[in-house]
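Notes to accompany the following structure.
The values are calculated or read from the model by the stated rules, or taken from the named source; none is laboratory data. Predicted, not measured: the structure shown is a model, and the values here were computed from it. Virtual Cβ from ideal backbone geometry, glycine too; neighbours counted across all protein chains shown. Ligands, DNA and RNA are excluded from the accessible area calculation, which covers all protein heavy atoms including side chains. Shrake-Rupley method; radii C 1.70, N 1.55, O 1.52, S 1.80 Å.
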Amino acid sequence: MNAIGNYLVDNPATLFIVGGEVAFWVVLVGGLVARYPLKLKKFSTVLLAAVPAIDLVVLVATVIDLASGTTPNLSHGLAAVYLGFSVVFGPSMVRWADVRFAHRFAGGPPPAPKLRGKAKVRHEWREWYKCVLACVIAAVLLLAAIFLIGRPGQVGPLWDWLPRLGGLVGIWLFAGPLWTELFGKKDEPSKEKVTS
């Protein structure tokens, strides 16, 4: 346990990311509990509006850490990736949780059934395009950090994230939409009787 504590002290960007992820879920669940079981709509709106602000805090904390002269490391690159994915996938995660809370506590409609066939394939392609967008945002943040820091001998850990992003896009392509296209469950044939 001491090793983890030492790592977090030496790499505060990791702490920002972990704290940001924990804060995301705490604020999201708090906002949904306030909205549905507690019926505090205005308070829940304030909490849910704060969800994107968490990303801003992670970004500012990372920039301050780098601007203070900290040598960029794996954690700073991970912060860029976290921000890219949080910006792109965060809203759909909020909607996912909102539907379930509304159904459970406010008599809302049940979550949609699992997708199958062509609908599932379309969904997987949309999710992959979102992955590409998240990786582009992360790459832009990484490149901005690389060029703003301007210390060529120290930005290697940030450059190292660019091929990782490319690998992630490739893995997601094969494990997501292409896998579903090739091996996913097809639409079930209609059970209606054909009359002549």
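A few comments on the model shown:
- Relative contact order, percent, the stretch 58-190 [alpha-carbon distance under 8 Å, six or more residues apart]: 36
- Of the accessible area of the chain, computed with a 1.4 Å probe over protein heavy atoms only, carbon and sulfur atoms account for 72 percent.
- Evaluated at q = 0.13, 0.18, 0.31 Å⁻¹: base-10 log I(q)/I(0), Debye formula over Cα of the stretch 127-173: -0.31, -0.54, -1.08
- Peptides ranked, highest mean first, by Cβ atoms within 10 Å: ranges 135-146, 67-78: 135-146, 67-78
- Considering only alpha-carbon pairs that sit under 8 angstrom and 6 or more positions apart, the relative contact order computed for the stretch 88-164 is 25 percent.
- For residue 103 and residue 136, a Förster radius of 35 Å and the Cβ-Cβ distance give a FRET efficiency of 0.55, rounded to the nearest 0.05.
- Anisotropy class of the stretch 98-139 from Cα gyration tensor, a/c 1.5 cut: oblate
- Structural descriptor for the stretch 1-115: relative contact order 28 percent, calculated from alpha carbon pairs under 8 angstrom and at least 6 residues apart.
- Tail weight of P(r) past 21 Å, computed on alpha-carbon pairs of the stretch 60-175, percent: 51
- Entry for Rg and Dmax of the Cα atoms in Å (calculated from the structure that is shown) out of (i) 27.3, 83; (ii) 16.7, 53; (iii) 21.1, 80: (iii)
- Additional length obtainable on full extension of the chain from residue 185 to residue 53, 0.36 nm per residue less Cα span: 43.6 nm
- Distance from the stretch 1-41 to the stretch 77-116 (C-alpha centre basis), Å: 17
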